[in-house]
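The values are calculated or read from the model by the stated rules, or taken from the named source; none is laboratory data. Only a predicted model underlies this, so the values are computations on that prediction, with no experimental measurement involved. Because the Cβ atoms are built from the backbone with ideal geometry, glycine has one as well, and the counts that use them run over all protein chains shown. Calculation scope for accessible area: heavy atoms of the full protein, side chains included, ligands and nucleic acids excluded. Shrake-Rupley method; radii C 1.70, N 1.55, O 1.52, S 1.80 Å.
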Amino acid sequence: MKALILNSGLGKRMGTLTSEHPKCMTELSVGETIVSRQLKQLAEVGITDIVMTTGPFVDILEGYIKSLGLDIDIKFVNNPIYDQTNYIYSIYMARELLKGDDLIMMHGDLVFENSVLDGILAQQSAMTVSSTVALPEKDFKAVIADGEIKKVGIEFFDDAMAAQPLYRFTKEDWEIWLDSICKFCEEGTTGCYAENALNVVTDKTHIIPFDVKDSLCGEVDNPEDLEVMSKRLEEVKAKKVYLCFSTDILHSGHLAILNKAARLGHLIVGVMTDEAVASYKRFPLVPCEERKAMFKSIKGVWQVVEQATLSYKDIIEKYHPDYIVHGDNWQEGFQKPIRDEVVELLSAYGGKLVEFPYSSDPKYKEVDQRSRLELSLPDNRRGRLRKLIAMKGLVTMMEAHDGISGLIVENTVVHDETGASYQFDGMWVSSLCDSTAKGKPDIELVDMTSRFRTIDDITEVTTKPIIFDGDTGGLTEHFVYTVRSLEKLGVSAVIIEDKKGLKKNSLFGTEVKQTQATIEEMSEKIAAGKRAQKSADFMIIARIESLILEQGMEDALTRAFAFVKAGADGIMIHSRRAEPDEIIEFINKFREQDKITPIVIVPTSFHSVKEEEWKKIGVNVVIYANQLMRAEVPAMQQTAEEILINHRAQEADEHLMGFKQIIRLIPDQI
Ligand code: SPV
Ligand code: MG
């Protein structure tokens with residue numbers, strides 16, 4: 001796109017201000033003239049091919065523009081008879097330089113804010129008008145019919161809007177007008193406005209009115225205008241612009257949007273907290289504090305603040321930004337309610353939402369894939385459970401027993417009506433479900449090698465932290481090896497229960513014979529495991545079976561404190577009652593004495609309590625221990641029965657995932 005700036009006028013109404021240089025060199029603020037501002041604005045949006053018509057003080061103007069040192073390609077066309085002709089003739093003189101491209105055209109005394117330029121550039125052919133400015137007596141007005149501009153001039157009042165000489169044209173529309181300008185001049189009509197030549201060809205053009213409302217866009221005709229403009233410009237520059245980021249890797253797309261946003265005023269960058277990022281995307285590779293520092297160092301960023309929720313409500317109430325900038329990708333999908341809320345909150349005080357086209361460049365997807373790879377590496381994955389507990393207070397883990405259930409835990413994200421997002425924080429590799437998946441009973445029959453294979457299958461396709469159900473931990477001499485192996489695999493924690501001998505699933509309770517280990521035996525195993533551990537972040541969590549085995553609350557609490565003393569990094573308390581009372585009593589009593597050791601629960605039978613309630617009383621990890629397996633088994637059984645009874649698959653197919661979907665479920669590349 002080219003730009004045409006018309007500077008051949010005399011600027012007589014400026015008085016002494018134009019006695020030594022052309023009007024466009026008048027200062028708006030210290031060091032900023034009308035023309036330097038226009039040229040910088042154009043260069044910032046990438047328009048560097050500029051034609052400028054000149055009249056008086058041509059040498060002074062050319063010298064001044066050169067001295068600005070801007071990276072632009074500017075061609076000057078002097079109209080030597082500027083005092084006898086209007087700018088229609090200057091355009092005619094420049095005609096050969098103005099062909100073959102889209103064009104942005106402006107008068108050399110026009111001052112406008114960046115959002116006006118961005119807005120008009122996003123149109124096809126358009127002229128700036130304002131629906132909030134009263135019709136001027138002597139200045140341009142545009143007559144509008146059927147949504148298009150039909151006439152521009154100072155003499156039209158009916159069906160007209162106040163108009164400013166800032167145009168953007170497609171090559172086609174511009175060349176229609178330019179032809180008409182040439183015709184006028186060749187017939188000797190050089191004293192009228194160029195718009196007179198437009199008005200006779202608007203049946204062929206499609207120029208829409210671009211309503212800038214009360215944004216700054218006006219000419220400087222006299223010293224009074226100059227004072228008003230300078231003042232308004234100061235206000236424009238002090239506008240607050242808010243742009244939120246959740247990214248931890250900056251790429252050129254982010255920098256482009258930062259630059260665009262910074263042009264609208266003082267740019268406040270909101271950095272989403274780790275928790276907010278993890279709620280809808282993935283765990284951030286770079287913590288919030290470092291991401292804040294990264295944005296602080298970027299040119300054009302005025303202030304960096306934290307955004308703790310996906311909703312912008314708190315930010316809008318605190319900072320009252322004049323603009324909120326966002327990609328246009330939130331007009332649909334789960335972010336729509338968040339956008340709707342932003343629009344409503346901004347409209348209450350006249351703030352504006354500016355949306356830039358969202359870039360879905362495949363290279364940005366690659367960046368995300370690289371981040372996922374990083375997150376999946378054992379050393380990065382292992383410590384994340386501790387980080388999540390510290391960050392969120394309460395984390396939720398869902399059972400996974402193979403690659404596909406791992407993927408479901410990894411990728412399932414839901415959104416509520418406010419746009420808030422929820423996903424599981426990690427995976428529980430349950431002994432019950434791992435054994436069941438292999439068609440074996442949950443009695444420590446599936447050996448460690450086989451259980452590690454399950455972990456491998458899951459870690460290969462996921463990134464989230466894993467808690468491993470270590471059953472009794474086996475012999476202490478074996479357990480120390482298990483700890484090392486789990487650390488190497490990138491597992492975050494192992495939970496071992498204080499039982500010995502033939503282990504049966506806890507949910508059998510006292511129906512079957514199960515023997516509890518003594519406090520000493522269990523403490524020794526925990527301590528040996530902690531000594532064997534190589535990494536700092538791995539956790540050994542002690543599971544207490546006293547309530548399951550009806551040994552009473554006191555026994556459970558005594559064991560809990562003893563196991564913490566022995567080095568346990570967390571306590572899992574289990575119950576098989578439908579009511580949560582005994583678990584709640586345990587937690588309250590434990591928390592009276594120990595406020596920090598993480599508490600883990602497995603609410604399989606006592607499933608009525610919501611996560612927020614658990615969080616309030618001091619639980620840190622909620623494990624959904626078997627629900628995916630319990631969903632899978634009956635679905636498979638029903639399908640098998642349906643096919644057998646019908647002697648075909650048609651009936652079963654109705655409630656199955658389509659085979660076209662299943663073959664595409666897992667992408668070729670992760
Ligand atoms: C498991 O999931 O294997 C557990 C929890 O150990 S429970 O089945 O409740 O004992
Ligand atoms: Mg188990």
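Quick notes on this one:
- F334 being assigned to a helix (DSSP H, G or I), in contact with a strand residue (DSSP E or B) (Cβ under 9 Å, 6 or more places away or on another chain) and of a type outside the set (G, A, S): no
- Wholly enclosed helices (runs of 4 or more DSSP H) of the range 109-207 bearing at least 2 residues over 27 Å from A238 (Cβ atoms) and open to solvent by 60 Å² or more (accessible area, probe 1.4 Å): 171-186
- Residues of the range 79-99 satisfying the condition of being open to solvent by 50 Å² or more (accessible area, probe 1.4 Å) and either within 46 Å of the chain's Cα centre (by Cα) or among the charged types (D, E, K, R) (or both): D83, R95, E96, L97, K99
- Annotation note: Cβ proximity below 6 Å between a residue of the range 616-633 that is of a type outside the set (S, T, N, Q) and a residue that is surrounded by fewer than 17 Cβ atoms within 10 Å (Cβ to Cβ) and modelled with pLDDT of 95 or more (sequence gap 6+ or interchain) occurs for G618/R591; V622/E611.
- Matching residues, the range 346-363, being modelled with pLDDT under 85, in contact with a helix residue (DSSP H, G or I) (Cβ under 6 Å, 6 or more places away or on another chain) and open to solvent by less than 80 Å² (accessible area, probe 1.4 Å): S359
- Count of the range 411-452 residues which are away from ligand 2 (no atom under 16 Å from the Cβ) and either in contact (Cβ under 8 Å) with a residue 60 or more places away in the chain or within 36 Å of the chain's Cα centre (by Cα) (or both): 16
- Some residue of the range 370-378 being open to solvent by 10 Å² or more (accessible area, probe 1.4 Å) and within 16 Å of ligand 1 (Cβ to nearest atom): no
- Search result, residues across the range 472-503 that are within 16 Å of ligand 2 (Cβ to nearest atom), under 42 Å from the mean Cα position of the chain (by Cα) and open to solvent by 10 Å² or more (accessible area, probe 1.4 Å): T482
- Here I88 passes the criteria (1) in contact (Cβ under 8 Å) with a residue 60 or more places away in the chain; (2) in a strand (DSSP E or B); (3) under 18 Å from N199 (Cβ atoms) except the one numbered (2).
- Residue match in the range 216-237 (condition: in contact with a Cys (Cβ under 9 Å, 6 or more places away or on another chain), within 25 Å of P136 (Cβ to Cβ) and not in a loop (DSSP other than H, G, I, E, B)): no
- One residue from F590, F563, F586 being over 23 Å from K500 (Cβ atoms), open to solvent by less than 20 Å² (accessible area, probe 1.4 Å) and in contact (Cβ under 8 Å) with a residue 24 or more places away in the chain: F590
- The condition of being away from ligand 1 (no atom under 14 Å from the Cβ), assigned to a loop (DSSP other than H, G, I, E, B) and either modelled with pLDDT under 95 or touching a Gly at 6+ places or on another chain (Cβ under 8 Å) (or both) holds for only one of K534, K503, K464, that being K464.
- T459 being at pLDDT 95 or above, open to solvent by 10 Å² or more (accessible area, probe 1.4 Å) and within 12 Å of ligand 2 (Cβ to nearest atom): no
- Failed condition for E579, given (1) part of a loop (DSSP other than H, G, I, E, B); (2) within 16 Å of ligand 2 (Cβ to nearest atom): (2)
- Residue match in the range 313-331 (condition: assigned to a loop (DSSP other than H, G, I, E, B), open to solvent by 20 Å² or more (accessible area, probe 1.4 Å), without any contact (Cβ under 8 Å) to a residue 24 or more places away in the chain and over 21 Å from V236 (Cα atoms)): no
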